[in-house]
Amino acid sequence: MNMLQFEAGVLEKLNAKAHWVWRETLKIHRQSQETRVASSLSAVEIFVTLYYGGFLRFDPANPLWELRDRCIISKGHGSLCMYPILADLGYFSVTELEKVCKEGSFLGGIPDPVIPGYETINGSLGHGAGVGAGMALGLKRKGRNQSVYVVTGDGELHEGSNWEAFMFAGQHRLDNLTVLVDNNHISMLGPTDEIISHRSLIRKFDAFGWFAIEVADGHSVAAIAKALQDCRREASGKPSAIIVNTRKGNGVPGLQDAPLSHVAAIKPDLIDQLIGER
Amino acid sequence: MDAIATIQPKAMRDTLLLSLYEAMLRDNDIFLVTADFGSPVMDKIRADVPQQVVNVGIAEQNLINVSAGLALEGFKVFAYAIAPFITMRCYEQIRVNLALLSEVRPMNVNLIGVGAGYSYVVSGPTHQCYEDLTVMRAFPNMRIYSPADQVAAAELPGRCLSSDGPKYLRLDAQVLPVLYSEEPPIFANGFHEHRNGGAVCLLATGYMVHTALKVADRLMASGISVGVIDLFDICGFSEDLLQSVLSSYRGIVTMEEGFRGRGGMDAMMFDYIVRRGLDLRMLNIGVEGGYRFELGERHVLHEHVGIGVERVTEKVRGLMKSLSA
């Protein structure tokens, strides 16, 4: 993929898709108010770029296709936006989106790998990086060229298990592993900087032997795509980390960047208004 | 007896790893992950099949997670560390990425924990392990193997490779007397009856099988017969066959090197007896009195916590008295 192709038209399609996913995510939340919507809205453009930007190889008709790239959604509870993406791609019927959190549905408030397209269990935080590192090592030892992507959050990085995995991946030069940090700066009870500051994630990953870059605007699919391309080009012999600076509750007044937004619900009237407006 | 006498005594981990080494030479899809824990056989494996080994360092959470990732890519994985650390340091990783995930994805991950019970005698309670049977049997799909000797331990890799799912291999760290010859195959039923007769059967696992045999010898010296069973497949033994064996007894004594009354083998057998409606009086032998910090030889420590030969013999006599009263 080259950026010219992006600029010629793909970028517009990606932006339109991101907007559609944002709207669909809000619609799901309107019918299932217990879903965690704020941390899902921060990650919309990350997942849209990965799944529609040509970075992942996958086959919705065969979710566990051996030649797929592996995408581990470690911030599982904050991935409601993946439901419309997976339905749109054909992993399951779009009618399933009307049943989220309802009896008999496989689409829960926190996703499980019974959902076609989900690789692992990620309701509990801090697991994706280590499992992803194991997959990346396994692929390398088998001489395979598939890649592993792990999407995590800055709050999730307070779990120490992540850093065991980051040390391991750097040591073993797992350049088929890319971690995207949805850096929305807010954890459950407030700003991550006020809880345990990460200070510089870039410097931390660098010290762990990773190629690390930052995306200033994590709601720009072009910027995320460029970062993914840069990783492919520059990160030979190293795993990659992309620190994607996002806004929790992106685009929702009262929710966006609100310190206690993690489990907050958006009133249906506001959702109707937002969907009509944007 | 003759066949057993010719076997050179070794630690369980050495015979198990040697079996695993031979399997790894034949099968490139076997992977050994260690948390910086070794042995002479481990050195051989690292030298001869380096592509199938990785050391994650002293990082048990990552030991489990990397093992899960490798298993998802089709490797049959053995994770290797000290028993309390591979079970309790990374309990949530085992729950999420092995127990839960293996319900959805085919995975073969086998946790080798060295140092059951008091076997790291001088290292104190951090390295000793009296809770592992309790916490590992809490997972409904975890298979637990608790061998009593090096020959049984050597059988484990073959069994683990033949079936998916999470498994915990609970090994003693010390060199114990050999109980079994190379044949016959002892694993089919999940237990082995060493002695039979009398009103009471001692049902033991791991090191405690050796204690049970000594208790049986002492009682036999005073003309009392008891049965002795080695239960090495804690969650997968043949329930029908065990019931058949136990049908000739009136009492059963569970013997484990773990805390008594805390959900270990005693709780498992209580459930079994109730569920099957067996008419058996039960006595549970396990570590009493909580954590201890004394130093001493293992058999001495065992007497302190109520699981030594002297104390167990006394308790079994008491059970027999109550049965005949």
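The values are calculated or read from the model by the stated rules, or taken from the named source; none is laboratory data. For clarity, every value in this text was computed on a predicted model and none was experimentally measured. Neighbour counts are summed over all protein chains in view; Cβ atoms, including those assigned to glycine, are modelled from backbone coordinates with ideal geometry. The protein model used for the area step is the full one, side chains on, heavy atoms only, and it has no ligands, DNA or RNA in it. Shrake-Rupley method; radii C 1.70, N 1.55, O 1.52, S 1.80 Å.
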Using alpha carbon centers only, segment A:12-47 is separated from segment A:121-135 by a whole-angstrom value of 23
What one gets for segment B:3-171 as the Kirkwood radius, inverse of mean 1/r over different Cα pairs in Å, is 15.8
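Could you tally the net charge around residue B:48, taking each other residue with its Cβ under 15 Å from the Cβ of residue B:48, Lys/Arg +1 and Asp/Glu -1? The partial results should precede the final answer.
On the way: positive: B:26, B:44, B:46; negative: B:22, B:27, B:43.
The answer is 0.
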Rounded to two decimals, the Rg over Rh value of segment A:169-278 from Cα coordinates and the Kirkwood Rh reads 1.07
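With viscosity set to 0.890 mPa s and temperature to 25 °C, compute the Stokes-Einstein D of segment B:191-324, Rh being the Kirkwood radius across alpha carbon pairs; µm²/s, no decimals. Walk me through the intermediate numbers first.
Values: Rh = 14.9 Å.
So the translational diffusion coefficient is about 165 µm²/s.
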Sorting B:54, B:7, B:241 by the position of each Cα along the dipole of chain B (Lys, Arg +1; Asp, Glu -1; all at Cβ), the one nearest the positive end of that ordering is B:241
When all Cα-Cα pair distances of segment B:9-49 are considered, the percent exceeding 11 Å is 64
Answer in debye to the nearest 20: the dipole magnitude of segment B:191-324 about its Cα centre, from +1 Lys/Arg and -1 Asp/Glu charges placed on Cβ, is 420
Lys and Arg at +1, Asp and Glu at -1: neighbours of residue A:159 with Cβ under 13 Å from its Cβ sum to -3
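Quick one: divide the alpha-carbon radius of gyration of segment B:270-325 by 2.2 N^0.38 Å and tell me what you get. Walk me through the intermediate numbers first.
On the way: Rg = 14.5 Å, N = 56, 2.2 N^0.38 = 10.2 Å.
Expressed relative to 2.2 N^0.38 Å, the Cα Rg reads 1.43.
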Residue-normalised 222 nm signal for the protein assembly as shown, counting each DSSP H run of n ≥ 4 as -39,500 (n - 2.57), nearest 500 deg cm²/dmol, is -11000 deg cm²/dmol
The simple spin-label model distance between residue B:138 and residue A:31, using points 7 Å out along Cα→Cβ, in nm, is 3.8
Excluding residues fewer than 8 positions from residue B:44 in its own chain, the lysines with Cα under 28 Å of it are A:140, A:142, B:10, B:76, B:167
Computed over segment A:27-68, the convex hull of the Cα set has an average projected area, in nm², of 4.1
Unit-weight point scatterers at every alpha-carbon of segment A:108-251, Debye formula, q = 0.14, 0.15, 0.18 1/Å: log10 I(q)/I(0) is -0.66, -0.76, -1.11
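So what is the relative contact order of chain B, in percent, for Cα pairs below 8 Å that sit 6 or more residues apart? Let's see the in-between values first.
Values: 657 pairs, mean separation 53.2, N = 325.
Computed value for chain B: 16 percent relative contact order.
From the square roots a ≥ b ≥ c of the eigenvalues of the alpha-carbon gyration tensor of segment B:122-219, which class results: rounded (a/c under 1.5), prolate (a/b over b/c), or oblate?
Numbers: a/c = 1.56, a/b = 1.20, b/c = 1.30.
Here segment B:122-219 falls in the oblate category.
Do any GluC sites (Glu not before Pro) in segment B:222-325 lie in a DSSP loop with no more than 15 other beta carbon atoms within 10 Å, and if so, which? Show your work: numbers first, answer last.
Working: sites: B:239, B:256, B:257, B:288, B:294, B:297, B:303, B:310, B:314; in loops: B:288, B:294, B:297.
Filter output for segment B:222-325: B:288, B:294, B:297.
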Note to self: with every protein chain in place and a 1.4 Å probe, chain B gives an accessible area per residue in Å² of 39
Once accessible area is computed for A alone, B alone and the pair with a 1.4 Å probe, the total buried surface, to the nearest 100 Å², works out to 2200
A student asked for the Cα radius of gyration and Dmax of chain B in angstrom ought to give 19.4, 64
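Return the ratio Rg/(2.2 N^0.38 Å) for the protein assembly as shown, where Rg is computed over Cα atoms only. Walk me through the numbers before you get to the answer.
Working: Rg = 27.9 Å, N = 603, 2.2 N^0.38 = 25.1 Å.
Computed over Cα atoms of the protein assembly as shown, the ratio equals 1.11.
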For chain A (alpha-carbon point model, no solvent) the Debye-based log₁₀ I(q)/I(0) at q = 0.10, 0.11, 0.12 Å⁻¹ works out to -0.47, -0.58, -0.69
The farthest towards the positive end of the charge dipole of segment A:126-278, of the residues A:249, A:137, A:239, given +1 on Cβ of Lys and Arg and -1 on Cβ of Asp and Glu, is A:137
